[in-house]
Amino acid sequence: MSSGASINVLYVDDELHNLNSFKAGFRRLFNIFTAESALEGRKILEAENIHVIITDQRMPVMTGIEFLESIIPDFPDPIRILLTGYADINAVIDAINRGQVYKYIQKPWMDEDLRINIEKAFEIYSLRKENRELTQQLILANKQLEFLLRQNNLLP
């Protein structure tokens, strides 16, 4: 995907070395935003147009799933990826059901796999946005046709 630089990615993790590693590995491909907590992640979401959110599952105060679930009402559009160093099937089920997670990836991540998943997530984001825009255009066109039809019925 050649438009990588236009993809805004937020990575939330309480481990600073993970944030630094992620930023170093992907800053040339994507616009990277990092946060050390769910609260900091929410502030970034309020200030930036984020397309893909990646979060660690195990964080103090609020887990990754809890964070993703908490932002759905205010930020429903970004595509969500959950990272964890632990193979916990209950976390996977929770992530899918509660946090509307697109992908579940185990740490340590493989750079190439994560890059591909970020790009695929952005494709989904873009397609959903385009679908919403086309739906709005269709609704407007239908209203205009209904108006014209009503006008025609009024004419002798």
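We did not get these values from a lab; they are worked out from the coordinates using the rules stated. As the structure is a computational prediction, the values presented were derived from the model and not from experiment. When we count neighbours, we look across all protein chains shown, and the Cβ atoms used for this are built from the backbone with ideal geometry, even at glycine.
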Seminar exercise, completed: Note, the stretch 39-46: 3J(HN,Hα) by Karplus (6.51, -1.76, 1.60, θ = phi - 60°), whole Hz, Gly/Pro = x, goes 4, 5, x, 4, 4, 5, 4, 6
Problem set entry | Calculated from backbone phi, Karplus (6.51, -1.76, 1.60) coupling profile of the stretch 26-36 in Hz, x at Gly/Pro | 10, 5, 7, 9, 9, 7, 9, 10, 10, 9, 8
For this session: Find the percent of Cα-Cα distances in the stretch 4-127 that exceed 22 Å, and round it to a whole number.
Result: 24
For this session: Just name one of Leu82, Ala141, Ile96: the one whose Cα is farthest towards the positive end of the charge dipole of the chain (beta-carbon charges, Lys/Arg +1, Asp/Glu -1).
Result: Ala141
Exercise. Which lysines does Lys129 reach when only Cα atoms under 29 Å apart count, and residues fewer than 8 places away in its own chain are ignored?
Worked result: Lys23, Lys43, Lys103, Lys120, Lys143
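In percent, what relative contact order does the chain have, based on Cα pairs under 8 Å that are 6 or more apart in sequence? Walk me through the intermediate numbers first.
Working: 197 pairs, mean separation 29.1, N = 156.
RCO, the chain: 19 percent.
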For this session: State the extension gain, in nm to one decimal, for the chain segment bounded by Arg58 and Leu39, taking 0.36 nm per residue of separation less the distance between their alpha-carbons.
Result: 5.4 nm
